[in-house]
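Worksheet: the structure to be examined is printed underneath.
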Amino acid sequence: MRLARVSCVAAAVAALVACAPKPAVPPALQESAPAFVARLNQELGALSDERNAADWVQSTYITGDTQLLHARANERYLAYFSRAAEQARQYEGQTLDTATARSLALLTLGESGPAPSDPAKRSELATLATRLEATYGEAKYCVAKGGAQHCRNIDELSDTLATSRDYDALTEAWAGWHSTARPMRQDYARFVELANEGARELGYADLGALWRSGYDMTPAAFDTEVERLWSQVQPLYAQLHCYARTQLAHKYGERKVPAGKPIPAQLFGNLWAQQWNKIYDDILQPYPAVAPVNVDKALKAQHYDAVRMTRSAEAFYTSLGFPALPQTFWQRSMLTRPRDREVVCHASAWQMDRDEDVRIKQCITPDEEELETIYHEMGHVYYDLAYRKQPYLFQNGAHDGFHEAIGDTIVLSMTPAYLASIQLAPPVRPSHEAVINAQMKMAADRIAFLPFGKLIDQWRWQVFSGQIKPEDYNKAWWALRQKYQGIAPPVARSEADFDPGAKYHIPGNTPYTRYFLAFILQFQFHKALCDASGFKGPLHECSIFGSAEAGKRFQAMLADGRSVPWPDTLEKLTGSRHMDAGAILAYFEPLMGWLQSRNTGQQCGWESEG
Ligand code: X8Z
Ligand code: ZN
């Protein structure tokens, strides 16, 4: 469960766990279980408001002072939570109504941020968590140029990765960004020790086991589930990888991009090679002459700014019958990078007060990727608003993958026809080539991401369980990057590097499997909503824009929050109790056929360390 009402960021908090010897069992409680739960919803909720405020200020104004205030507010919440989780155990064995039993189970599950009982260790953990995130937020790569320091932040380095096609410039920007994570290594190793200690105190083997207990199934069953989903989609990724390597070899030469080998990681247009959309136009696009959809150009030509882009996302949701955003959203959100201070620019959505004070924090620039990210964040915001009438402990996604999938489901409806309808693309002229182009564009985003979405926590679970030791952090990271993504580091790496720390969710301590699940679930949701809207035709052509019926079904699902087990929620919308890659495979059926014939004769795959 998200501890703070923050999507993305505050999972940092969700993992801050007890580190000290078990406290004595508190005296038996006088109040009934329902009264205990009601009091907790109130008191814990109030503490979370305070922590959210401190977290917001830290993330939008990084200084030593705001870090301190955030860490302390965090500690207060965690201390209360750990006591409450302990007290909840006293109701074990009692016959309870369903809502009370579920509330207590969510508490004792510990994923909401069990607090350390040793104040010194709790404080150290909170300080480390805050510092790691701040280090990421402030990171810059600096080189001496003509006697002065020339520094580039994540925006500028990302821009180089996206737009440069100079192999050496790409390598330098990639290596520069990754060098900023080196100072995190020691903090991270200590963070893992403390967090694990706390998880064990709560009865979990380690923090990874605690994270995996949040899916209404055992961690082992969850592992099997993730493997099953990956095995469904892996063949499609393998085809996409094969095609991408051929195209990149045309661009940079076979010597730099050899057949049968992992691809250098700096060539995908993205610092982490997690999504490849920035190389779609000039490298991956199958039929460049056919109806080019260039949303970047249209946004710039029409002088879209951050507010107008955000309004366009809101308009999609209101077309489905969702309410307009509250006035405070527009007054309190941070939609652009401030010029006068350091902030954590990684996009996130916030629910500050368990009610209508919802916000987005994002450094929006006028391009298509940012536009889609706003639609994504807006999904969190509308989920937050939909379940705000639930008690605090149920104010969350059915599971964290649901929360991540809502906005992305809407993005699947941003078809070329929808973009044309809002004047961001030319009118659609239907053809097989246009379909394959559109599919490739989507695959560069949604299929390319899948192995990355899986491997981050594959690494972390092994770090938490001790299978990966600090002295092997980087080696193990690259073994997974090679195995799953089929990519290689651009320059030699060593254990002086800490490349995992160059990805926000590691210093931010946000679990990542949620995105892997979301990228599969969103196609299940899309299919169900398209059916509800009455759409007949191939899934990739459906847009639910303007469908009141789809909107009604979506809102009904969101309003449940975390009050029932996720399979119930999934069944309510899709008729199935299982996550399944059938819908994503159906969506990309045309592309899969095209890729298979296009890749014929190519040496696909790559040597793997196993
Ligand atoms: O972190 C995010 C969102 C905020 S929840 C912008 N995403 C992941 C990432 O950027 O790594 C969305 C896709 C995956
Ligand atoms: Zn998100």
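So here's what we get for this one:
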read-out: Residue order for Glu31, Glu314, Glu138 - accessible surface, 1.4 angstrom probe, largest first; value: Glu138, Glu31, Glu314
read-out: Rounded accessible area of Asp445 (nearest 10 Å², 1.4 Å probe); value: 20 Å²
read-out: For the range 353-363, 3J(HN,Hα) per residue [Karplus equation, 6.51 cos²θ - 1.76 cosθ + 1.60, θ = phi - 60°, Hz, x = Gly/Pro]; value: 10, 6, 9, 8, 7, 9, 8, 10, 10, 7, 9
read-out: Glu549 versus Asp340: modelled label distance in nm, points set 7 Å from Cα along the beta carbon direction; value: 5.3 nm
read-out: Computed FRET value (nearest 0.05) for Asp305 with Ala420, which takes r as the C-beta separation and R₀ as 30 Å; value: 0.85
read-out: Lys454, Lys389, ranked by accessible area, largest first (probe 1.4 Å); value: Lys389, Lys454
read-out: Accessible surface, per residue, of the range 517-566 when the full set of protein chains is kept, probe 1.4 Å, Å²; value: 35 Å²
read-out: The chain - percent of accessible surface contributed by carbon and sulfur, probe 1.4 Å; value: 54 percent
read-out: Local electrostatic count, Asp499, Cβ distance below 14 Å [Lys/Arg +1, Asp/Glu -1]; value: +4
read-out: Where trypsin sites (Lys or Arg not before Pro) fall in DSSP loop in the range 252-304, at most 15 other Cβ within 10 Å; value: Arg255, Lys256
read-out: Solvent-accessible area per residue for the range 68-166 (1.4 angstrom probe, square angstrom); value: 43 Å²
read-out: Sum of side-chain charges, Tyr418 neighbourhood, beta-carbon under 14 Å (Lys, Arg +1; Asp, Glu -1); value: -2
read-out: Full-extension gain in nm, Cys142 to Gln596, via 0.36 nm per residue minus C-alpha separation; value: 159.0 nm
read-out: 39 Å tail of the calculated P(r), the chain, as % of Cα pairs; value: 26 percent
read-out: Accessible solvent surface per residue of the range 279-340, calculated while the other protein chains remain in place, 1.4 angstrom probe, Å²; value: 51 Å²
read-out: Alpha carbon centroid spacing (whole Å) that separates the range 42-96 from the range 381-411; value: 20 Å
read-out: Amide H partners (placed H, <5 Å) of Leu335, local residues excluded; value: Gln362
read-out: Karplus-derived 3J(HN,Hα), 6.51/-1.76/1.60, for each residue of the range 188-200, Hz, glycine and proline x; value: 5, 4, 5, 4, 4, 4, 5, 5, 5, 4, x, 4, 5
read-out: Net lengthening on full extension, Ala220/Glu193 (0.36 nm per residue, minus Cα-Cα); value: 7.5 nm
read-out: Cα shape, the range 147-269, gyration tensor, a/c 1.5 rule; value: oblate
read-out: For His380, solvent-accessible area (1.4 Å; no DNA, RNA or ligand), Å²; value: 0 Å²
read-out: Set of the range 574-588 residues, backbone N closer than 12 Å to the point 7 Å along the Cα-Cβ line of Glu227; value: none
read-out: About the Cα centre, charge dipole magnitude for the range 463-604 (Lys/Arg +1, Asp/Glu -1 at Cβ), debye; value: 40 debye
read-out: Surrounding net charge for Asp580, when Lys and Arg each add one and Asp and Glu each subtract one, Cβ distance under 11 Å; value: +2
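The values are calculated or read from the model by the stated rules, or taken from the named source; none is laboratory data. All of these numbers come straight from a predicted model, not from anything done at the bench. Reconstructed Cβ throughout: ideal geometry from the backbone, glycine too, with neighbour counts over all protein chains shown. Remember, those area values only see protein heavy atoms, side chains included, never the ligands or the DNA or RNA. Shrake-Rupley method; radii C 1.70, N 1.55, O 1.52, S 1.80 Å.
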